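The values are calculated or read from the model by the stated rules, or taken from the named source; none is laboratory data. Being a predicted model, the structure only gives us computed values, none of them experimental. Cβ placement follows ideal geometry from the backbone for every residue including glycine, while neighbour counts extend to all protein chains displayed. What goes into the accessible areas is simple: the full protein's heavy atoms, side chains included, and nothing from ligands, DNA or RNA. Shrake-Rupley method; radii C 1.70, N 1.55, O 1.52, S 1.80 Å.
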Amino acid sequence: MSTDRILDGRLKIRHLVLVTAIADEGTLVRAAESLHITQPVVTRGLREVEDLLGVPLFERLPRGVVPTQYGRPFIERARSVLAELRIAGEEVRLLQSGQLGTVTVGTHLAGSNLLLPRAIAGLKAEHPRLTVVVREGTPDTLQQLLLAGDLDLTVGRLSPTVPVRLEQERLHQEPIRLVARAGHPVHTGSRTSLADLIAYPWIFPVAQTALRAELEAVFFHEGLPLPADRVECTSMLTLRNLLVSTDVIAALPMFIAVDDGELRILPTPLSSIRRSVGVTMPKDRAPSAAAAALLVHLREEGALLAALEREYAQTEFRPLG
């Protein structure tokens, strides 16, 4: 197939909308319903795209369709094109209305308590009419929203592996520390080894998260079982409420504990667990003007937090201003 056939006008935006809807819905009938058109229109449009490309995009199964080896990369690129068009349309609308725009950022735990709020505060001081939308979610969910164009960037712990269409930029390192409430009985004694702490209730990250795997590795290395009395939780609001109101122990990014007057860091070492905190962005999509402005402030605040982390490492357990 010649590339010219895609660019000569026969491939329409409606074709891209159609194939992504079929991929999302899994059947031609549900795709038609989601697009408010008839199934014959969906069938005809899919045939047009497949004839143009010269390959089948979906495999027909008894209960629906699944993308073929040709369909998967084409659908992924179609999503990128549609995301770019949505962003372009939104920027035109904002220019027409005299607004500076909107940046939508995803976050999960690390970076959500200091890095992102400080960057947003600096951004809003500079551009008060710029709207910032913050969405919280698990790292895998945020990656999918980023790929779909529903987020401009994400802030948080950097993953060892990301899809090839995403790129990461490290802003600072943040150790993971064990934390308990101020006034917790563990602070009054000297027995703070991991083996001593198992008797207390714990909050653990949910299974199949990076921090959970790292914590399990620490316990395994010490020859210890996981605490029997534990809650598994990813909600920061629930986690903090349990921390300050009960005797649970949790592993948190250091700056969350340092910045919270009701929490205290335990001297128990977790030296093998450190977080690279930064931003994740689409590699094939240039940031909007609003996203670029937020990036400037994220980099500035990341540099300040990196300096604070070095200071804290030299004067451990002294509260930072």
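Below, the figures for the structure above:
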read-out	value
With every protein chain in place, the chain: carbon and sulfur % of accessible area (1.4 Å)	55
Net length gained if the chain between D259 and T188 were fully extended (0.36 nm per residue, minus Cα distance)	23.4 nm
Efficiency of FRET between E126 and E76 - r from beta-carbon atoms, R0 41 angstrom, step 0.05	0.70
Region 243-303 and region 121-162: distance between their alpha carbon centers, rounded to Å	13
Where region 173-260 is the region considered: accessible area per residue in Å², 1.4 Å probe	46
Farthest positive-ward along region 163-285 dipole, Cα basis, beta-carbon charges - from G183, P253, L171	L171
Net lengthening on full extension, L61/R93 (0.36 nm per residue, minus Cα-Cα)	7.3 nm
Selection of GluC sites (Glu not before Pro), region 229-317, meeting DSSP coil and at most 14 other Cβ within 10 Å	E262, E316
Dipole of region 111-222 [Lys/Arg +1, Asp/Glu -1 at C-beta], most positive-end residue of V132, P160, L146	V132
Positive-end residue, region 150-277 charge dipole about Cα centroid, Cβ charges, pick of T238, V277, L263	L263
Simple label model, 7 Å out from Cα along Cβ direction - A303 to R135, nm	3.1
Calculated FRET value between A217 and S276, using beta carbons and R₀ = 25 Å, to 0.05	0.90
Computed [θ] at 222 nm, deg cm²/dmol, the chain (DSSP H ≥ 4; -39,500 (n - 2.57); rounded to nearest 500)	-14000 deg cm²/dmol
Nearest 10 degrees, 0 to 90: helix 289-314 Cα axis against the chain principal axis	20
Space enclosed by the convex hull of the alpha-carbon atoms of the chain, per residue, Å³	180
Gain upon complete extension [D24, R5; 0.36 nm per residue less C-alpha separation]	4.3 nm
